[in-house]
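Peer 1: I have a structure here, written as structure tokens, and I will follow up with some questions on it.
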Amino acid sequence: MRRLTFLSIAMLVFSVTGIQLRAQEATLADRIAALPHVKDVQEMESTKFPEKYLVIFEQPINHENPSEGTFTQRVVVGIVHPDSATVVVTEGYGAQYAFVPSYRDEISTIFNTNNIVVEHRYFLESTPYPGEAPEDVNWDYMNAPNAAADIHEVVTALKDILDGKWISTGISKGGQNTMIYRTYYPDDVDFSVPYVGPLCRALHDGRHEPFIETYVGSPADREAVKNFQSELLLRKERLMPAFDSVCNANNYKFNVPTDEVYDFGVLEFSFAFWQWGYPVEQIPGKDASDKEVFDYMMAICSPEYFVTWSTTSPFFVQAAKELGYYGYDMKPFKEYKKYFSIKNTKNYLQKLMLPQGVDLEFSDYLYNKISAFLLSTDARMLFIYGQFDPWSAVMPADPHKDNIKFFVQPGGSHRTRIATFPEETQKEIKSILSQWLYE
């Protein structure tokens, strides 16, 4: 065996020391940039984290067949310390809000963790088909398995740098995406906190409408909402000029005439009202002026919701394929039938919100897959809902297992968060999450 001379030993020590020093000098941004599939890292301003970066990942358009091409996905990474726990927000839409310097997720705030936000595929700048018209886009890859695999790839890469426990969370469609991600990759994170996430079993699920008719607010509250909707129908002829004016001023484009959009706005009013938890006492009465009635309608359910396409419209495509949605019930307004321009609400989602000429067929595979997972898994999950939120009509069934907890805020809406619960319940929720995090 060859013997090492003093000079060669010295050179070897110097070389190893140099490597160690260079490793120590590598910044966190450098380490992130060196991760697989990372195309770019940009420093971001933050008032909440010592370091915050926009990280651009290259993802397969189709994870089952990567040879079909790639797209770039935006990921916002806020770092407290590499050894801290990490919250990954499984966003269901675009993630532009995470660019705000003061942004921080609630769980990350409570436990002072790192905070990652993964923008959902097909939204904003994380789309495989930038600039293409909706009817020309290939929507085949807008699905739960691919969206879950996107998050899995991001988390797997960043685990090489971030060494603490991992928590997945999301709100609304993001909460739904938290369920999806955990179902497909149950071992990626230590526990999950989905907020107000629906689990629909059909394109028009059918449980939202009776929920609004029976379970939200008090009987008097429900009657007040219905009376306002009736008033909108009675005043339709007088309010249509103002309605048309708003649509023209904002250059809203619809797939149906504006008088039909108005009708759908009347039906949407009750869902929007209870979803966002508006005070019943602020609803204009029968003696209110036309302007007061119209302004209130616009504040609760703007016609913008029914435009042919917007930055949130890819959601409707996924809803039509696998997530499901809610319907509208005209029966409570049968005595006002003559004021409606629409005959029924059948297939309204396809008619109003989906790319025209694109054939989309709903499958309940996802509902069945998530439902079965929750019944059988040992994964730790804590679900948060609001009592009067219409999306609570389609919350997953509670399997009544120690590893899965459900908290429903009395009188709560889609705005329900840990911080909106009564103080004692907040303590209970934080105690459970703390135990999961620190044991």
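The values are calculated or read from the model by the stated rules, or taken from the named source; none is laboratory data. Bear in mind that the values here come from a model prediction, so they are computed numbers and not experimental data. Cβ atoms come from the backbone with ideal geometry, glycine included; neighbour counts cover every protein chain shown. Quick note on the areas: whole protein, heavy atoms, side chains included, nothing else; ligands and nucleic acids left out. Shrake-Rupley method; radii C 1.70, N 1.55, O 1.52, S 1.80 Å.
Peer 1: For region 297-374, with all protein chains present and a 1.4 Å probe, just round the carbon and sulfur fraction of the accessible area to a whole percent. Walk me through the intermediate numbers first.
Peer 2: On the way: 1790 of 3720 Å².
Carbon and sulfur: 48 percent of the exposed surface of region 297-374.
Peer 1: Just read off the accessible area of residue 156 with the full protein assembly in place, 1.4 Å probe, to the nearest 10 Å².
Peer 2: 70 Å²
Peer 1: Which of 374, 413, 436 sits farthest toward the positive end of the charge dipole of region 302-439, with +1 on the Cβ of Lys and Arg and -1 on the Cβ of Asp and Glu?
Peer 2: The listed residue farthest towards the positive side: 413.
Peer 1: Determine the distance separating the Cα centre of region 396-431 from the Cα centre of region 37-80; give it in Å without decimals.
Peer 2: 31 Å
Peer 1: Given springs between every Cα pair under 10 Å in a Gaussian network model of the chain, which of 372, 98, 33 has the largest fluctuation?
Peer 2: The residue with the greatest mean-square fluctuation here is 372.
Peer 1: Contact order normalised by length for region 52-92, with contacts defined as Cα pairs under 8 Å and 6 or more residues apart; what percent is it? Show your work: numbers first, answer last.
Peer 2: On the way: 44 pairs, mean separation 15.6, N = 41.
Relative contact order here is 38 percent.
Peer 1: Something else: Leaving out ligands and nucleic acids, and using a 1.4 Å probe, what accessible area per residue does region 358-439 come to in Å²? Don't skip to the end; give the middle numbers.
Peer 2: On the way: 4090 Å² over 82 residues.
The answer is 50 Å² per residue.
Peer 1: With the chain treated as a Gaussian network of Cα nodes joined by springs under 10 Å, which of 134, 279, 355 yields the largest mean-square fluctuation?
Peer 2: Answer for the Gaussian network model of the chain: 279.
Peer 1: Leaving out ligands and nucleic acids, note down the accessible area per residue over region 253-345 with a 1.4 angstrom probe, in whole Å².
Peer 2: Averaged over the residues of region 253-345, the accessible area is 44 Å².
Peer 1: Right, next: Read phi for every residue in region 59-71 and hand back ³J(HN,Hα) as whole Hz from Karplus 6.51 cos²θ - 1.76 cosθ + 1.60, θ = phi - 60°, with x for Gly and Pro.
Peer 2: 10, x, 4, 10, 5, 6, 8, x, 5, 7, x, 9, 9
Peer 1: Springs between alpha-carbon pairs under 10 angstrom, Gaussian network model over the chain: which of 379, 242, 393 fluctuates most?
Peer 2: 242
Peer 1: Per-residue accessible area for residue 256 at 1.4 Å probe radius, Å² rounded to 10?
Peer 2: About 20 Å², ignoring ligands and nucleic acids.
Peer 1: Now, a different point. Over region 50-193, with the other protein chains present, what is the accessible area per residue in square angstrom, probe 1.4 angstrom? Don't skip to the end; give the middle numbers.
Peer 2: Values: 4610 Å² over 144 residues.
The answer is 32 Å² per residue.
Peer 1: Over region 104-227, calculate the relative contact order: mean separation of alpha carbon pairs under 8 Å at least 6 apart, over the residue count, as a percent. Walk me through the numbers before you get to the answer.
Peer 2: Numbers: 96 pairs, mean separation 20.6, N = 124.
Once divided by the residue count of region 104-227, the mean separation gives 17 percent.
Peer 1: Under a cut-off of 24 Å between alpha-carbon atoms, report the lysines in cross-link reach of residue 346, not counting same-chain residues fewer than 8 places apart.
Peer 2: 173, 226, 236, 253, 321, 331, 334, 337, 338
Peer 1: Another question about this same structure. Select from the chain the helices, each a whole stretch of DSSP H, whose alpha-carbon atoms run 15 Å or more along the helix axis and whose Kyte-Doolittle mean is at least 0.5; answer none if there are none. Don't jump to the answer; show the numbers that get you there.
Peer 2: On the way: long enough: 6-25 (28 Å, 1.11); 144-158 (21 Å, 0.65); 173-184 (16 Å, -1.15); 219-234 (22 Å, -0.39); 236-249 (19 Å, -0.18); 258-276 (25 Å, 0.14); 290-300 (16 Å, 0.13); 365-376 (17 Å, 0.74); 423-438 (22 Å, -0.82).
Span-like helices here: 6-25, 144-158, 365-376.
Peer 1: Along Cα→Cβ, 7 Å out, is where each label goes; now give me the distance between the ones at residue 39 and residue 234 in nm to one decimal.
Peer 2: Result for the modelled spin labels: 5.8 nm.
Peer 1: Now for a separate question. Counting only protein heavy atoms and a 1.4 Å probe, tell me what percentage of region 383-439's accessible area is made up of carbon and sulfur. Write down the numbers at each step before the final one.
Peer 2: Values: 1300 of 2680 Å².
C and S fraction of accessible area: 48 percent.
Peer 1: Then there is this: Given the Cα-Cα distance of residue 299 and residue 138 and 0.36 nm per residue of separation, how much length would full extension add, in nm? Could the numbers behind the result be given before it?
Peer 2: On the way: separation 161, 0.36 × 161 = 57.96 nm, distance 3.48 nm.
Working it through step by step, the gained length comes to 54.5 nm.
Peer 1: Carbon and sulfur atoms: what percent of the 1.4 Å accessible area of region 108-163 do they account for?
Peer 2: Details: 800 of 1920 Å².
The C+S portion of the solvent-accessible surface of region 108-163 is 42 percent.
Peer 1: Determine how large the accessible area of residue 140 is when every protein chain is in place; take a 1.4 Å probe and give Å² rounded to the nearest 10.
Peer 2: Residue 140 has an accessible surface of roughly 100 Å² with all protein chains in place.
Peer 1: Still on this structure, I have one more. Mind pulling up the Rg/Rh value for region 306-360? Radius of gyration and Kirkwood radius, both on Cα. If you can, show how the numbers build up before the last one.
Peer 2: On the way: Rg = 13.2 Å, Rh = 12.7 Å.
Answer for region 306-360: 1.04.
Peer 1: Hey, what did the chain get for relative contact order, percent, Cα under 8 Å, at least 6 apart? Could you put the intermediate results ahead of the total?
Peer 2: Values: 727 pairs, mean separation 66.2, N = 439.
RCO, the chain: 15 percent.
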